[in-house]
Amino acid sequence: MSEPMRDLLLHRLAGQRRHILDQLDGLSEEQLRQPVLPSGWSCLGLVKHLTLSDERYWFEVVMAGHPLDFWPEGDNADWQVPDDVPAESVIAEYRAAIDRSDSYIADLELDDPPARPEDWWPEAGLSFPDLRAVLVHVIVETATHAGHLDAVRELLDRKQYIVL
């Protein structure tokens with residue numbers, strides 16, 4: 001695929017990541033930990049999920065072939081942030097995962113297949129034949145979660161990302 005397509009995908013991914021980080025800016029430690037919606041997740045939990053499930057899983061494991069040895073044990077453990085873990089470290093881990101993801105992406109072409117595809121994808125009706133498909137998937141996932149943060153941020157302090 002052409003360089004303009006790669007540039008577009010990377011630009012959109014960077015924009016959604018920035019949206020996530022922008023929505024966290026200015027929230028107190030208490031607000032970052034406060035569940036707002038009935039499902040019970042917090043802003044920090046969502047960031048931990050994005051770090052593990054989107055950045056690390058898709059780029060570090062699936063595309064770069066590294067082991068999935070960082071996944072926490074327990075139901076929805078990728079959404080749980082212990083009270084003794086500072087908010088700034090959760091956000092710093094997200095930033096670091098983004099940087100690592102970008103370095104893996106830089107070494108790949110859009111047509112490169114996953115180094116570690118999952119056996120269960122076809123059963124689930126999923127197909128990720130190449131980096132292009134993984135990038136689109138992560139863009140959609142990150143954008144979806146950015147929208148979740150938009151709603152939560154407005155409920156927490158009335159701040160709107162884009163005033164309509």
Within the range 72-101, restricting to residues that are without any contact (Cβ under 8 Å) to a residue 12 or more places away in the chain, charged (D, E, K, R) and part of a helix (DSSP H, G or I), the one that is most open to solvent (accessible area, probe 1.4 Å) is E88
Review point. Regarding R18, is this residue surrounded by 12 or more Cβ atoms within 10 Å (Cβ to Cβ), in a helix (DSSP H, G or I) and touching a residue at least 24 places away in the same chain (Cβ under 8 Å)?
Key: no
Out of (1) in contact with a helix residue (DSSP H, G or I) (Cβ under 9 Å, 6 or more places away or on another chain); (2) under 16 Å from H49 (Cβ atoms), the one E73 does not meet is (1)
Restricted to the range 21-59 and to residues being within 16 Å of T144 (Cβ to Cβ) and assigned to a loop (DSSP other than H, G, I, E, B), the residue least open to solvent (accessible area, probe 1.4 Å) is W41
Residues in the range 14-70 that are under 9 Å from the mean Cα position of the chain (by Cα) and of a type in the set (D, E) total 2
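Kindly indicate whether V140 is open to solvent by 50 Å² or more (accessible area, probe 1.4 Å) and of a type in the set (V, I, T).
Yes; evaluated as a whole, the condition is true for this residue.
Give the number of residues within the range 1-15 that are open to solvent by 60 Å² or more (accessible area, probe 1.4 Å) and part of a loop (DSSP other than H, G, I, E, B). Step through it out loud before you land on a result.
Filtering the range 1-15 for residues open to solvent by 60 Å² or more (accessible area, probe 1.4 Å) gives 1, 3-5, 7-8, 11-12.
Okay, now just the ones that are also part of a loop (DSSP other than H, G, I, E, B), so 1.
Number of matching residues: 1.
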Flagged pairs (Cβ under 6 angstrom, 6 or more apart or on separate chains; first in the range 27-51, free of Cβ contacts under 8 Å to residues at least 40 places away in the same chain; second part of a loop (DSSP other than H, G, I, E, B) and open to solvent by less than 40 Å² (accessible area, probe 1.4 Å)) are P35/S42; G45/V81
| request: Determine if the range 124-137 includes at least one residue that is farther than 21 Å from L10 by Cβ, assigned to a loop (DSSP other than H, G, I, E, B) and not hydrophobic (A, V, I, L, M, F, W, C). | output: yes
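The values are calculated or read from the model by the stated rules, or taken from the named source; none is laboratory data. As the structure is a computational prediction, the values presented were derived from the model and not from experiment. Using ideal geometry, Cβ is built from the backbone for each residue, glycine included, and neighbour counts are taken over all protein chains shown. Ligands, DNA and RNA are excluded from the accessible area calculation, which covers all protein heavy atoms including side chains. Shrake-Rupley method; radii C 1.70, N 1.55, O 1.52, S 1.80 Å.
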